[in-house]
Amino acid sequence: MFLIERNENNTGVYISGDYEELYFLREAVSALAGERTSYEGYEQVHTVVQKFVFELLHAYRAERDSFKTNCDTPCYKFFMYLPEAIFVADALNDYIMLSESDEYYLDAMQESNSSVTEKIRDRHYIDKAFVRFFQASVWNAVREIIGEAEFEKIEPYRNGEAVCAAGKLRYRGFCRDWVDIMNIRYINDTSGEFLSEVIKKFADRDEEYFSKEKAMNEHFKEGNISLYIDLLDELKYPDENDEEYYGAEFFTNI
């Protein structure tokens, strides 16, 4: 059974399922997102989403942790920081909207009516269903941390159907380093209050986001390190052997 479960420290989640569940989720996400350059302004978003896709791939190939259910069904799981999982879940709404717009990458392909593209088009409805279940599973993990009252307050941020119905894309031109910054901040403050703030900081780019984005862009485009160097400490993840952040279970299952 496909599951998304919190780790013991609430820094992240374990995503698990059998071969077919992880395989079809990977297929669904890949079909919606396309290639890195399929949608203008989504290159960095795609990098984050593709990382998730690769983790699914490695998992069902038994290159991550594996276990058997009570019925002896082989299953596989991997760890993901909770802010990053939230970002992927929310960014997939953008890809759903894009796939139902005149920007749909399949329409721009030279062989837009090939057997491969037709297969992707035919699976669009069921692919959305796989993605919606993944999103619901992520938000359920969030609900368990922040509680029912706060969960209701963030409904405009998490309701994928309503977000898509509104038709407003959230992540075009998004700087992926913001995901790393949110990951690291959340590692150091796993309170429900801060998690709610992370969710809002992803969906609504504030003044701080734009200042960080400017620092990253100037560094890479012009070699200006003066702004970037201030970000270095914020982009440092904990030591990979640190149980305080990952939880002891992480090390007993790798």
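Using +1 on the beta carbon of Lys and Arg, -1 on that of Asp and Glu, and nothing else charged, what's the dipole of the chain about the Cα centre, debye to 20?
Values: 28 positive and 51 negative charges, 112 e Å.
Using Cβ point charges on Lys, Arg, Asp and Glu, the chain gives about 540 debye.
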If I model a spin label as a point 7 Å beyond the Cα along the Cα-Cβ vector, how far apart are those points for Glu161 and Met109 in nm? 3.0
Using amide H atoms built 1.01 Å from N in the peptide plane, name the residues 5+ places from Asn7, or on other chains, whose amide H lies under 5 Å from its own. Gly12, Val13, Tyr14
Along region 22-31, what does the Karplus equation 6.51 cos²θ - 1.76 cosθ + 1.60 (θ = phi - 60°) give for ³J(HN,Hα), rounded to whole Hz, x for Gly and Pro? 6, 5, 6, 5, 4, 4, 5, 5, 4, 5
With the charge dipole of region 45-127 built from beta-carbon charges (+1 for Lys and Arg, -1 for Asp and Glu) about the Cα centre, the Cα from Thr73, Ile120, Ala91 projecting farthest to the positive end belongs to Thr73
If the chain between Glu35 and Glu234 were fully extended at 0.36 nm per residue, the gain over the current Cα-Cα distance would be 68.7 nm
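Starting from 0.36 nm per residue, how many nanometres of slack lie between Glu63 and Ile145 once their C-alpha separation is accounted for?
Numbers: separation 82, 0.36 × 82 = 29.52 nm, distance 2.93 nm.
Roughly 26.6 nm would be gained on extension.
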Which lysines, if any, have their Cα less than 17 Å from the Cα of Lys119, not counting same-chain residues under 8 positions apart? Lys128
For the chain, calculated [θ]222 nm from helices alone, where every DSSP H run of n ≥ 4 adds -39500 (n - 2.57): -18500 deg cm²/dmol
Could you tell me which label, among (1) 14.4; (2) 15.1; (3) 19.6, carries the value of mean projected area of the Cα convex hull in nm² calculated for this structure? (2)
Please label the shape of region 93-136 as rounded, prolate or oblate, based on the square roots a ≥ b ≥ c of the eigenvalues of the alpha-carbon gyration tensor (a/c under 1.5 means rounded; beyond that, a/b larger than b/c means prolate, else oblate). oblate
The chain, relative contact order in percent, only Cα pairs under 8 angstrom and at least six apart counted: 26
The distance between the Cα centres of region 1-36 and region 100-157, in whole Å, is 13
Please work out whether region 1-85 counts as rounded, prolate or oblate from its C-alpha gyration tensor, where a ≥ b ≥ c are the square roots of the eigenvalues and a/c under 1.5 means rounded, while otherwise a/b larger than b/c means prolate and anything else oblate? oblate
Using θ = phi - 60° and the Karplus form 6.51 cos²θ - 1.76 cosθ + 1.60, what ³J(HN,Hα) does each residue of region 58-65 get, whole Hz, x for Gly and Pro? 5, 5, 6, 8, 6, 9, 10, 5
Heavy atoms only, probe 1.4 angstrom, no DNA, RNA or ligands counted: give me Ile181, Ile145 ranked by accessible area, highest first. Ile145, Ile181
Please list, in chain and number order, the residues 5+ apart from Cys75 or on another chain whose amide H is under 5 Å from its amide H, with Hs placed from the backbone. Phe67, Lys68, Thr69
On the full set of protein chains, 1.4 Å probe, figure out the accessible area of Met97 and give it in Å² to the nearest 10. 20
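The values are calculated or read from the model by the stated rules, or taken from the named source; none is laboratory data. Please read these numbers as outputs of a predicted model, since none were measured by experiment. Don't worry about glycine lacking a Cβ; one is built from the backbone with ideal geometry, like all the others, and counts go over all protein chains shown. Protein only, heavy atoms only, side chains kept; ligands, DNA and RNA dropped before computing areas. Shrake-Rupley method; radii C 1.70, N 1.55, O 1.52, S 1.80 Å.
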